[in-house]
Each structure stands twice: as C-alpha cells, then as structure tokens.
Amino acid sequence: MWSINFISEEDFNVHVANTIRTYAESLTPYDLKRFNNNIVDPIKLIFDKSVYGLSWGEVIQNEIVRQRDKSNNNSIGYFHQKIFSFISGCEVPKQGWDVIYEPKGGLEIYEGMRVARAFVEMKNKHNTMNSSSARNTYIRMQDKLLNDDDCACMLVEAIAKTRQNEQWRITVDGERRGHRLIRRVSIDRFYEIVTGDSNAFYKICEALPAAIEYALRSSSDLHVPIDTVMQELQKIADDAEVTFIEALYYLAFFDYPGFSLNDGIRGSYQ
C-alpha cells in the first residue's frame, strides 16, 4: 500500500519513468564502434582486469558504465528537482531557480524568522561546486534578497556532509560572508520543510527501487540496453586468429607496428 501522503503513487511512478527517459543516450546499446568512439585505453583495461581480479566481461562492462555515467548526473539532477513539481507549495520554473517554495502562510526559516517564500538552488553533491561557482551562486542569492525582502535562499544538497539547515558562509573577495536568510540545507531537511515529515526523503528512497522496476516493466519505450561489445571483440579475435587481448590492443594501436590486423577486420568498426 502507498503510504506517502505528499505525492501520489501515480505521480511518483510518472516522475520515475520520465527520469529514466532522460537517460535516453545511455539507454542506447553499445556496439564496438560506439565503445571505441573516443578510443579506449587497452593498457588501463588490462591492468584493471589483473589488479582487481575481473573477467574480461566485467572489465568491458565497467568501461561501458563509466562512459554512460558521464551523461547520467543530469538525469539524477532531474529526479531531485522535478519531483517538487508534484509537491504542494512548490514550483519548478522552466529556467532560473531550481525550485521556488511558497506555502500558504509562509515558512519559518529559523526560530522567530518567517518569510513568504524560498528560492532554491539544488546540487547533487556537496563538493560539485568549485569556489568560483559557489561564489557566483552566493552573489546571486544576495541579489535576490536585495530585490525581495520577504524571502530566503537555499543551497540544497542531495548528498551533504551532514544533516543540516544552517547559515551558508562563504569567502567572497577575500572576505568571509554569511547571511541568516541564505541557507545551506541537506535534502532530507528540505523535504521536511516542504512536507512537514522528517522521514519524507527516506520514504522517497524506500519507494524508489520498486518504482524503477515498475517503470522498466510497464513502459514500452523503456528497456535495459543489450550491449554487443564483448561479442564483437571476440569475433575480431576469432576471425583474425588472435587472442582477445590482441583484439583489444588493436582498438587503440591499429596503426602502430606489430598491432595491425587485416583491412577487412579494421573496416568492421572504424
């Protein structure tokens, strides 16, 4: 039974399915040409296999996951941000702030201080901003407070160092700055602010695996990709009568002396 009262099961399932759809490029199966699009490093793969005691299948799949992972952080950001469009009092603008929270009656930022609304910038992890990005974000929040005297600004981090809702302090132009209405908030505390439930984020995480499984099972346009890199590499090795390692070397070193195979095999994936 669905026990979350701040988002319906239907809305949650829709949001999870839409998040998976943002994986579009990652969901495209990997063939050998795509795998070697930026030329893999066979030396590294051979070390990885030996040092970590992996099979060739595991090494190749790990490299595919690494390549896919480059584009997936945006998808996780989509999940964390867009879910608030289903939660009462929250708006997810098409551009600008990630979330604007404006509940009836306003919100309490800390004891004795209430504002009408909060403007939110979301980050997946506490260390994803460099000093320049953090400074620019902080200055943007300062500017918002100057133009709206009934608001707060929050930097919400999905993976924070600790559970927190505290004044965000930062060094700008060599000067340590802080403002009581510019907050650094862990995502569990932000969920608590907008739902009134201290376990709200936990409930979302608990419901997530089943929702992903349901989306993949029930949506005709969503599927787990079937990669063919291993089979194609093995075919190159078999056709050229060389070892798997020699076929792997050929991906990067085909033009170096001693690594060449016949032209027909070269043309099969380049």
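The values are calculated or read from the model by the stated rules, or taken from the named source; none is laboratory data. Computed from a predicted structure; not experimentally measured. In this analysis, Cβ positions are derived from the backbone assuming ideal geometry, glycine residues included, and neighbour counts consider all displayed protein chains. We work out accessible area using only protein heavy atoms, side chains counted, and drop any ligands, DNA or RNA first. Shrake-Rupley method; radii C 1.70, N 1.55, O 1.52, S 1.80 Å.
Just need a number here: residues in region 192-215 that are part of a helix (DSSP H, G or I), touching a helix residue (DSSP H, G or I) at 6+ places or on another chain (Cβ under 7 Å) and among the small types (Gly, Ala, Ser).
4
Would you confirm whether any residue within region 60-69 is open to solvent by 60 Å² or more (accessible area, probe 1.4 Å), within 28 Å of Cys205 (Cβ to Cβ), of a type in the set (Lys, Arg) and in a helix (DSSP H, G or I)?
Taking region 60-69 as the starting set, the residues that turn out to be open to solvent by 60 Å² or more (accessible area, probe 1.4 Å) are 61-62, 65-66, 69.
Imposing the further condition that a residue be within 28 Å of Cys205 (Cβ to Cβ) reduces the set to 61-62, 65-66, 69.
Still in the running and of a type in the set (Lys, Arg): 66.
Pick out the ones that are also in a helix (DSSP H, G or I) and you get 66.
Taking every residue of region 60-69 in turn, at least one turns out to be open to solvent by 60 Å² or more (accessible area, probe 1.4 Å), within 28 Å of Cys205 (Cβ to Cβ), of a type in the set (Lys, Arg) and in a helix (DSSP H, G or I).
Could you pull out the residue among Arg114, Arg176, Arg169 that is within 18 Å of Phe190 (Cβ to Cβ), in a strand (DSSP E or B), basic (Lys, Arg) and free of Cβ contacts under 8 Å to residues at least 24 places away in the same chain?
One residue alone meets the criteria, Arg114.
From (1) without any contact (Cβ under 8 Å) to a residue 40 or more places away in the chain; (2) open to solvent by 60 Å² or more (accessible area, probe 1.4 Å), pick out the condition that doesn't hold for Ser55.
For Ser55, the exception is condition (2).
Report every pair of residues separated by at least 6 positions or lying on different chains whose Cβ atoms are under 7 Å apart, first residue within region 237-249 and of a type in the set (D, E, K, R), second part of a helix (DSSP H, G or I).
Asp239/Ile265; Glu246/Ala237
Output the qualifying pairs, or none if there are none: Cβ atoms under 7 angstrom, residues six or more apart or on different chains, first residue in region 76-103 and on the phi > 0 side of the Ramachandran plot, second residue surrounded by 15 or more Cβ atoms within 10 Å (Cβ to Cβ) and part of a loop (DSSP other than H, G, I, E, B).
Gly89/Glu102; Gly89/Pro103
Could you grab me the full set of residues in region 134-170 that are over 21 Å from Arg114 (Cα atoms), open to solvent by less than 30 Å² (accessible area, probe 1.4 Å) and of a type outside the set (Gly, Ala, Ser)?
Of everything in region 134-170, those that are over 21 Å from Arg114 (Cα atoms), open to solvent by less than 30 Å² (accessible area, probe 1.4 Å) and of a type outside the set (Gly, Ala, Ser) turn out to be Thr137, Glu157, Ile170.
Residue by residue through region 28-52, note down the ones that are open to solvent by less than 60 Å² (accessible area, probe 1.4 Å) and either among the aromatic types (Phe, Trp, Tyr) or touching a His at 6+ places or on another chain (Cβ under 7 Å) (or both).
Within region 28-52, Tyr30, Phe35 qualify.
When the residues of region 25-42 are narrowed to those that are in contact (Cβ under 8 Å) with a residue 12 or more places away in the chain and not in a loop (DSSP other than H, G, I, E, B), which ends up nearest to Val229 (Cα to Cα)?
Leu32
Quick one: count up the residues across region 25-40 that are modelled with pLDDT under 90 and in contact with a Ser or Thr (Cβ under 9 Å, 6 or more places away or on another chain).
Counting residues in region 25-40 that are modelled with pLDDT under 90 and in contact with a Ser or Thr (Cβ under 9 Å, 6 or more places away or on another chain) gives 2.
Any residue at all in region 111-123 that's of a type outside the set (A, V, I, L, M), under 30 Å from Asp148 (Cβ atoms) and surrounded by fewer than 12 Cβ atoms within 10 Å (Cβ to Cβ)?
Pass one, region 111-123, residues of a type outside the set (A, V, I, L, M): 111-112, 114, 117, 119, 121, 123.
The next check asks that each one be under 30 Å from Asp148 (Cβ atoms); those that pass are 111-112, 114, 117, 119, 121, 123.
Add one more test, that the residue is surrounded by fewer than 12 Cβ atoms within 10 Å (Cβ to Cβ), and what stays is 111-112.
Scanning region 111-123 turns up at least one residue that is of a type outside the set (A, V, I, L, M), under 30 Å from Asp148 (Cβ atoms) and surrounded by fewer than 12 Cβ atoms within 10 Å (Cβ to Cβ).
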